[in-house]
Amino acid sequence: MMYQLKNITTSVTYNAEELELVALLNSKPFDTWNCKCPLTEFPRGTSTARKNLKDKLKRELLVIQENYCAYCGINFCLVTNSKIHRDHVLPKNTERYRKFTYESKNIVLSCDTCNGLDIKKDKDYVTYYSDDYDSIKTSIVHPHLDNVEEHINLNNSIYAEVVNDSQKGKMSIIEFELNCERNLVLRGKLMQRTTVNTAEEQLVDSIMGHFRQLR
Ligand SMILES: [Zn+2]
């Protein structure tokens, strides 16, 4: 299937060494996702260890998410690898959420259309905050904390349908533009398919790219 919204039932687990690194990175009051890891702040080798950790997150999340974007459900076989992003559900650039930068439940893979642009960016969807990540509530469907199937149905039609009048479902459909023309066109063409050819891959890229430019 080229589109599916999957309930994510597990998150990436860290070993002891990774937990130590994550604790250090999460403790800093600045952006530790992209920073240069100065030796005044970090032990030698942190940069490499961090790269390995990010690689592991992407590799394991691809398996956990069964190759689908956490927000729009597009199959990543339709998305160039460099356009598959590790997205922070709670924005990492917000002071309050910095400590969750490497929290594995705060990271999902999304296509760059959902992640990169005006759709999500650093928007704050938290409606209830707690230092305990599992207790946080969001206005959109949280891919790790909510079961998307209780909020949105993308199985039976090209339209994303709200389940049981779910407010979160409605909000996610609006925020991620799940029923915008781009998504309807692509789902209408490709939804039930199991494979696509090169021409169709190019079509997907051009439609998604076109809509990116319109923003
Ligand atoms: Zn997406």
Problem set entry | Residues of the range 158-191 that turn out to be part of a helix (DSSP H, G or I), within 16 Å of the ligand (Cβ to nearest atom) and open to solvent by 40 Å² or more (accessible area, probe 1.4 Å), as a count | 4
Exercise. Only one of (1) over 20 Å from P91 (Cα atoms); (2) in contact with a Leu (Cβ under 9 Å, 6 or more places away or on another chain) fails for L19. Which number is that?
Worked result: (2)
For this session: Would you mind listing the strands (runs of 3 or more DSSP E) fully within the range 64-155 where at least 2 residues are over 27 Å from V204 (Cβ atoms)?
Result: 126-128
Problem set entry | Number of positions in the range 1-54 that are under 30 Å from I74 (Cβ atoms) and open to solvent by 60 Å² or more (accessible area, probe 1.4 Å) | 8
Problem set entry | Selection count, the range 35-82, where residues are in contact (Cβ under 8 Å) with a residue 40 or more places away in the chain, under 17 Å from V22 (Cβ atoms) and in contact with a strand residue (DSSP E or B) (Cβ under 7 Å, 6 or more places away or on another chain) | 3
Seminar exercise, completed: Across the range 56-86, the tally of residues that are away from the ligand (no atom under 15 Å from the Cβ) and open to solvent by 60 Å² or more (accessible area, probe 1.4 Å) stands at 3
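State all residues of the range 139-157 that are open to solvent by 60 Å² or more (accessible area, probe 1.4 Å) and more than 17 Å from the chain's Cα centre (by Cα); if no residue qualifies, say none. Spell out the reasoning first.
Pass one, the range 139-157, residues open to solvent by 60 Å² or more (accessible area, probe 1.4 Å): 149-150, 155-156.
If the condition is that a residue be open to solvent by 60 Å² or more (accessible area, probe 1.4 Å) and more than 17 Å from the chain's Cα centre (by Cα), then E150, N155, N156 are the ones that fit.
Confirm whether L61 is within 24 Å of A160 (Cβ to Cβ) and either in a helix (DSSP H, G or I) or out of contact with any Asp or Glu (no Cβ under 9 Å at 6 or more places or on another chain) (or both).
Working: within 24 Å of A160 (Cβ to Cβ): yes; either in a helix (DSSP H, G or I) or out of contact with any Asp or Glu (no Cβ under 9 Å at 6 or more places or on another chain) (or both): yes.
Taking the combined requirement at face value, the residue satisfies it.
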Exercise. How do the pairs read when you match residues in the range 145-174 that are closer than 19 Å to L90 by Cβ with residues anywhere that are of a type in the set (D, E, K, R) and assigned to a loop (DSSP other than H, G, I, E, B), using Cβ under 9 Å and keeping only pairs 6 or more apart or on different chains?
Worked result: V148/K6; K168/D146
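The values are calculated or read from the model by the stated rules, or taken from the named source; none is laboratory data. As the structure is a prediction and not an experimental result, all values here were calculated from the model. Here Cβ is always computed from backbone atoms with ideal geometry, including for glycine, and neighbour counts include all displayed protein chains. Note: areas computed on protein heavy atoms with side chains; ligands, DNA, RNA excluded. Shrake-Rupley method; radii C 1.70, N 1.55, O 1.52, S 1.80 Å.
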